[in-house]
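The values are calculated or read from the model by the stated rules, or taken from the named source; none is laboratory data. Predicted, not measured: the structure shown is a model, and the values here were computed from it. Because the Cβ atoms are built from the backbone with ideal geometry, glycine has one as well, and the counts that use them run over all protein chains shown. Only protein heavy atoms, including side chains, enter the accessible area calculation; ligands, DNA and RNA are left aside. Shrake-Rupley method; radii C 1.70, N 1.55, O 1.52, S 1.80 Å.
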Amino acid sequence: MNSLQNIMRDGLWTNNVGLVQVLGICPLLAVTGTFINGLGLGLATLITLVASNVTVSTIRKLVRPEVRIPVFVLVIASIVTIIELSMSAWFYELYKVLGIFIPLIVTNCSIIGRAEAFASKNTVGRSFVDGFSMGLGFLLVLVTLGTLREIIGQGTLFSQAHLMFGEAARSMTIHFVDSYQGFLLAVLPPGAFIGLGLLIAMKNVIDKRRESRAVGIPVPANQTTQAAH
Amino acid sequence: MLYRTVFISASFLLVFAVVGSGLVAFTFDSTEERIAENQRRALLNSLNELVPSDRYDNDIFSDILLVRNPELLGTNEPVPVYRARKGGWPVAAVLALVAPDGYNGRIRLLVAVNLDGTLAGVRVVQHRETPGLGDGIELNRSDWILGFDGKSLSNPGKNGWRVKRDGGQFDQFTGATITPRAVVKAVHKALLYFKQSKQHLFEQAPETSTDS
């Protein structure tokens, strides 16, 4: 029923993990102090989502329903451990920054949520697309929030880019205002909550606008009405 | 019948547990060396910031002494002391100690003391101080921590080893006094510790026996 395009749109916008399902906001709020932190955790979550969706979908016909949740948890925990080890081997500096939040991906409800709600009922290909678009949607929210908080909180963008892109990226940091004093609220956790709230509100405003523009035109049957309000 | 279901489910879980653990163990095995190397290099980088590599010629990593002094070093755990020597002669010691009374708990520090009792430098390894207020102790936030370079027990004297608000020599941050106070106190105690156990620190030599 769902075309691949619909799956993509679902993950990126209408059913976005961060803005609509509001799942996994513990790491989302905690690490989005800067653009780079957001990107790092976003990528790690994206990889986990794709890997777990593909694995769960592959074994979906084997798994007996009564043990499916333990099996999913086992699959996700193994994948996250592998990602954590690989990160600390190849991106050690970034790993030190994101440190404790990588294991937290295990408990990111969006991952077991997608495994249970989508991957256990769909083909491998579609589960891959679902994991990818859900992960990308989450990554975009992380990056947007990180960008906003970094600009407002520190007056910079791409600070500490070398953690991810190597020493050459050290000069990527943009300073917007000289000797900016910083805005503490944006750096601290309350700023993260306020920022996420603003992003959700903005999405709702955009959805409303679109809806009112579409008034008069017969609206096609929409499977994602739960997302709109 | 029930037993049969339990058995099948459990075997199923077992298979997944074995495959999952296998993959994790394989990754662990193939990354272990690299991770250890990363940790070693990160530590070496911070050690070299404090004691530049041209000042010593020993293997600073294997020349480690574990000492314990909860009162002066801020922790019950053994504190590693990295010893720098040149031509067998002691140059400096780097203590990986703890300032226990930060605003949000323990602050882990590296304190490098030259043989003559002056500070080669101090760095913060790990902390949980308030971002934007207490994190000025980090070198990539402010130069504050460099203010310790060259200081010793006699410069400033006992009363100078406090933040300015307490009548001492060291700056506090706007809106954060507790964090710098904890660091100043810990560094001062480290110097006291170094003075009282200098002999012991360098004598326990795994490499060359030296008498300083």
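Reported to the nearest whole Å, the Cα centre-to-centre distance from the range A:3-37 to the range A:139-181 is 20.
Take the Cβ-Cβ distance between B:ARG34 and B:ASN140 as r, set R0 to 30 Å, and report the resulting FRET efficiency rounded to the nearest 0.05. Write out the running numbers ahead of the final one.
On the way: r = 25 Å, r/R0 = 0.83.
Calculated transfer efficiency: 0.75.
Modelled this way, with points 7 Å down the Cα-to-C-beta line, the labels at B:ASN48 and B:LEU153 are 3.3 nm from one another. In chain B, Cα pairs under 8 Å separated by at least six residues give a relative contact order of 15 percent.
Of the solvent-accessible surface of the range B:1-120, computed with a 1.4 Å probe over protein heavy atoms with every protein chain present, carbon and sulfur atoms account for 60 percent.
Give the carbon-plus-sulfur fraction of the accessible surface of the range A:1-133 in %, rounded to a whole number; probe 1.4 Å, heavy atoms of protein chains only. Intermediate results must be reported in sequence, preceding the final value.
Numbers: 3710 of 5280 Å².
C and S atoms contribute 70 percent here.
Inter-chain neighbour count for A:71-83: the average number of beta-carbon atoms from partner chains within 10 Å of each residue's beta-carbon is 4. Pairing chains B and A buries close to 2000 square angstrom of accessible surface in total, based on protein heavy atoms and a 1.4 angstrom probe.
Of A:ALA161, A:ALA77, A:ALA117, the residue with the greatest mean-square motion in the GNM of chain A, using alpha carbon springs below 10 Å, is A:ALA117. The residues of the protein assembly as shown present an accessible area of 51 Å² per residue when probed at 1.4 Å with all protein chains retained. Within chain A, helices built from complete DSSP H runs that reach 27 Å or longer along their own axis (Cα positions) and carry a mean Kyte-Doolittle hydropathy of 1.6 or higher are A:68-90. The packing ranking of peptides B:150-156, A:19-25, B:180-186, highest mean first, is B:180-186, A:19-25, B:150-156, where packing means the average number of other beta carbon atoms within 10 angstrom of each residue. Between the residues A:LEU188, B:THR177, B:LEU43, the greatest Cα displacement towards the positive end of the dipole of the protein assembly as shown, with unit charges on the Cβ of Lys, Arg, Asp and Glu, is found for A:LEU188. In terms of overall dimensions, the C-alpha atoms belonging to the range B:38-93 reach 33, 28, 17 Å along their principal axes, ordered largest to smallest. Please report the spacing between the Cα centers of the range A:43-89 and the range B:1-25 in Å, no decimals. First find each Cα centre; the distance between them is then 16 Å. The heavy atoms of A:PHE91 present about 90 square angstrom of accessible area, all protein chains included, probe 1.4 Å.
Shielding by partners for A:181-190, please: the mean number of other protein chain Cβ atoms within 10 Å of each residue's Cβ. Rounded to a whole number, the mean comes out at 2. Each peptide in A:57-65, B:123-131 was scored by the mean count of other Cβ atoms within 10 Å over its residues; highest first, the order is B:123-131, A:57-65. Separation of the alpha carbons by more than 27 angstrom is noted, of B:LYS86/B:LYS198; B:LYS164/B:LYS189; A:LYS96/B:LYS86; B:LYS151/B:LYS198, for A:LYS96/B:LYS86.
For the range A:64-194, the Cβ-based charge dipole about the Cα centre amounts to some 380 debye (Lys, Arg positive; Asp, Glu negative; other atoms uncharged).
Separation of the range B:92-160 and the range A:107-133, taken as the distance between their Cα centroids, equals 48 angstrom. The heavy atoms of B:LEU23 offer some 90 square angstrom of accessible surface to a 1.4 angstrom probe. Note on the range A:1-44: Cα convex hull, mean projected area over all directions, 3.6 nm². Hull volume per residue, based on the alpha-carbon atoms of the protein assembly as shown and their convex hull, is 190 Å³.
Between A:VAL124 and A:ARG210, how many nm apart are label points set 7 Å from Cα along the C-beta direction? So the label points at A:VAL124 and A:ARG210 sit 3.3 nm apart.
Would you work out if chain A is rounded, prolate or oblate? Take a ≥ b ≥ c from the square roots of the eigenvalues of the alpha-carbon gyration tensor; rounded if a/c is under 1.5, else prolate when a/b is larger than b/c, oblate otherwise.
Values: a/c = 2.29, a/b = 1.20, b/c = 1.90.
Oblate, since a/c reaches 1.5 and b/c is not below a/b.
Once the Cα atoms are used to define both axes, helix B:178-203 deviates from the longest principal axis of chain B by about 80 degrees. In this label model, A:LEU185 and A:ALA201 are separated by 1.2 nm, measuring between points 7 Å along each Cα→Cβ vector. Working from Cα pairs under 8 Å separated by at least six residues, relative contact order for the range B:21-139 is 16 percent. Shape class of the range B:108-212 from the Cα gyration tensor (axes a ≥ b ≥ c, square roots of the eigenvalues): prolate, since a/c reaches 1.5 or more and a/b is larger than b/c.
What is the magnitude of the charge dipole of the range A:8-112 about its Cα centre, with +1 placed on the Cβ of each Lys and Arg, -1 on the Cβ of each Asp and Glu, and no other charges, expressed in debye to the nearest 20? Before the final figure, lay out the partial values.
Working: 6 positive and 4 negative charges, 66 e Å.
That gives the range A:8-112 a dipole magnitude of about 320 debye.
Here the range B:1-126 yields Rg over Rh of 1.28, to two decimals, using C-alpha coordinates and the Kirkwood radius.
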